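Take a look at the structure below.
The values are calculated or read from the model by the stated rules, or taken from the named source; none is laboratory data. Predicted model, so just to flag it, every value in this text is computed and none were measured. Cβ placement follows ideal geometry from the backbone for every residue including glycine, while neighbour counts extend to all protein chains displayed. Protein only, heavy atoms only, side chains kept; ligands, DNA and RNA dropped before computing areas. Shrake-Rupley method; radii C 1.70, N 1.55, O 1.52, S 1.80 Å.
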Amino acid sequence: MKIDFEKGGGLVPAIVQDAKTEQVLMLGYMNAESLAKTQDTGLVTFYSRTRKKLWTKGETSGNTLQLQSITADCDSDTLLVRAIPNGPTCHEGTVSCFGNQGPEGLGFLGYLEDLIEDRKSADADSSYTASLLQGPLRRAAQKVGEEGVETALAAVAETDDKLTSEAADLVYHLLVLLAAKNVKFADVVTELRGRHK
């Protein structure tokens, strides 16, 4: 990957995106040294323009960014850094430096998948999700079947709002079933992408 550091006086903007939810988390700047350190350590490291030195995100707060990939733009003067955040990204304690609304659109599925994963160790008596995850697998599978039938029936005999509600139930229960089997939704997406080719 050839990066044009000269154009920006030795620095390039680095847009950080959550690798699971696609949410834009922050913008920082990298020089050649911080890029190399990021690639070597797997922790996203920037060049601080105010302190005039390298800083690894989370070195004081513990809220690190675990590198997943780096891609240069078409002019090789901006980087897209995909990472997994460990805690809030913004120094103000928010998920993103661009607000705390959380992921939107399809990115919300990544957030929901993480939430379901956390429920694996929750109290099954106080969490419906935990009760499905800790119960017999056939119960989680049965719920997907039930919700699939209810979604199909809503499509032919109910309002669009009812169809939307039933489809939401179906997707949620499918994510629970996948989590129970330790299958990631990204694996389903990869399968779909493979079929699209």
Exceeding the 20 Å Cα-Cα cut-off - candidates Lys20/Lys52; Lys143/Lys184; Lys2/Lys52; Lys120/Lys181: Lys20/Lys52; Lys2/Lys52
Cβ charges +1 (Lys, Arg) and -1 (Asp, Glu), total dipole of the chain, debye: 800
Listed residue (Cys90, Met30, Thr129) projecting farthest to the positive dipole end of the chain, Cβ model: Met30
Carbon/sulfur fraction of accessible area - segment 30-114, other protein chains in place, 1.4 Å, %: 51
Gain upon complete extension [Asp118, Arg51; 0.36 nm per residue less C-alpha separation]: 20.4 nm
Segment 27-81 shape via C-alpha gyration tensor axes, a/c threshold 1.5: oblate
Value at 222 nm in deg cm²/dmol, rounded to 500, when DSSP H runs of n ≥ 4 in the chain each add -39,500 (n - 2.57): -13500 deg cm²/dmol
Percentage of interatomic Cα-Cα distances in segment 1-108 larger than 17 Å: 50
Segment Tyr128-Thr94, extension gain: residue separation times 0.36 nm, minus the distance between their alpha carbons: 9.5 nm
Sum of side-chain charges, Gly107 neighbourhood, beta-carbon under 12 Å (Lys, Arg +1; Asp, Glu -1): -4
Charge context of Lys2, other residues only, Cβ under 15 angstrom, K/R +1, D/E -1: -4
Debye log10 I(q)/I(0) at q = 0.30 Å⁻¹ for segment 139-183, Cα point scatterers: -0.95
Distance-filtered residues of segment 97-117 - backbone nitrogen under 19 Å, label point 7 angstrom along Ile84 Cα→Cβ: 103, 107-117
Per-peptide average of other Cβ atoms within 10 Å, ordering 120-131, 57-68, 18-29 highest first: 18-29, 57-68, 120-131
Helical segments meeting 24 Å axial Cα length and Kyte-Doolittle 0.0 threshold in the chain (DSSP H): 137-157, 160-180
Separation of the Ala36 and Lys197 label points, Cα + 7 Å toward Cβ, nm: 3.4
Where N is the number of residues in segment 63-180, Cα Rg divided by 2.2 N^0.38 Å: 1.38
